[in-house]
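The values are calculated or read from the model by the stated rules, or taken from the named source; none is laboratory data. Everything numeric in this text was worked out from a predicted model, so none of it was measured. Because the Cβ atoms are built from the backbone with ideal geometry, glycine has one as well, and the counts that use them run over all protein chains shown.
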Amino acid sequence: MARVTVEDCILKVPNRFELVLVASQRAREIGSGAAILVDRDNDKNPVVSLREIADTDISITALNEALVKNHQKVIEVEEDDEEIIDVMEGENEWAAVANEAAESEAASAGLQEGALEEEDSEEPETAPTGANGDTE
């Protein structure tokens, strides 16, 4: 019975490879609970899908689109104008610790710069003197 069904389906889907893909997609849909458009007659899902393709006006383009959508790895997500950022538990505490560390580093760097500036601003050394106090 399946061979006659395949021969009938070739009239609607001339490419046998595309027929296999479309029929398998429809069989997956039937397996996940989609309504059956023909009598089951104790047939399995692939045979029922082939009979549906041959006997009814099931949309081949809709099955192709569903097949592509099921195999896509990246799903497009509509982005809102405002991004929502989820904060993980404990992330605020880590951010506070990081801010404190950055502030303390900045403060110590400021102290070091101030100490260097003070050393530069001190009075210049006098010229070296000899043993009897004369300048050389």
Problem - Matching residues in the range 1-47 - criterion: being at pLDDT 90 or above, surrounded by fewer than 14 Cβ atoms within 10 Å (Cβ to Cβ) and part of a helix (DSSP H, G or I) - result: ARG16, PHE17, GLY31
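Find the residue count for the range 48-62, including only residues that are over 12 Å from CYS9 (Cβ atoms) and assigned to a helix (DSSP H, G or I).
Quick first cut of the range 48-62, residues over 12 Å from CYS9 (Cβ atoms) only: 48, 57, 59, 61-62.
With assigned to a helix (DSSP H, G or I) added as a condition, the list becomes 48, 61-62.
Looking only at that region, the number is 3.
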Exercise for the section: Scan (1) surrounded by 10 or more Cβ atoms within 10 Å (Cβ to Cβ); (2) modelled with pLDDT under 85; (3) not β-branched (Val, Ile, Thr) for the single condition ALA98 breaks and write down its number. Expected result: (2)
